[in-house]
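Participant: The structure that follows is given in the form of structure tokens.
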Amino acid sequence: MAGSVQIHGTGQLLTLSRRLRAAGGSRLQRNFARRIRRAAEPLQRDLQQAIRTQPLVSEGRKAGGRGGRSPTTRPLRATLAGGIRISVRTGASPGARVWMDKSRLPHDIRNLPWVMDTGRVRHPVFGNRRRWATQWARPAGWWSRTVRAGTPRMTAEVARVADDVRRELE
């Protein structure tokens, strides 16, 4: 699974970035960056919605009837959704990037978004490394499917913004 989706470095964006710097228009640069960010926001929202609604189904309890409350009170899906970020660059490699910021996730679930994307989550039961459980994220590919569906729209919007700014510079 790709860790992020990026629209950058295309010929149009590079040319526009150089012309914006040459024109010295900080207002134009801020406007350009804001519109590029807005082009990426629907994909970010779609990814956040996909993880918030991703079901995790377990195998069920094994014999013995053991169990109990979770040792954490943190809402898992909301925590993962909060790690999805957008970054916009207008410098040498202009563009937008939608990515999962692992630094915004608790250390014990930093790899969970990529594991969930595969569809199979295997983890120790309440931290006990002698007992393991498997949960299934069905349908698999919450990240990759959403990115595949949203990338054409984001690319078209970035191209439209680039055309608008180019016309404004001429």
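Participant: What trypsin sites (Lys or Arg not before Pro) in segment 88-170 are in a loop by DSSP, with at most 16 other Cβ atoms within 10 Å of the Cβ? Please list the in-between numbers first.
Facilitator: Numbers: sites: Arg89, Arg97, Lys102, Arg104, Arg110, Arg120, Arg122, Arg129, Arg130, Arg131, Arg145, Arg148, Arg153, Arg160, Arg166, Arg167; in loops: Arg110.
When the trypsin sites (Lys or Arg not before Pro) of segment 88-170 are filtered for loop state and at most 16 Cβ neighbours within 10 Å, Arg110 remain.
Participant: Go through Leu76, Leu43 and list them by solvent-accessible area, largest first, probe radius 1.4 Å.
Facilitator: Leu76, Leu43
The values are calculated or read from the model by the stated rules, or taken from the named source; none is laboratory data. This is a predicted model, so every value here is computed, not measured. Neighbour counts run over all protein chains shown; Cβ positions are idealised from the backbone, glycine included. Surface accessibility is based on the protein's heavy atoms, side chains included, excluding ligands, DNA and RNA. Shrake-Rupley method; radii C 1.70, N 1.55, O 1.52, S 1.80 Å.
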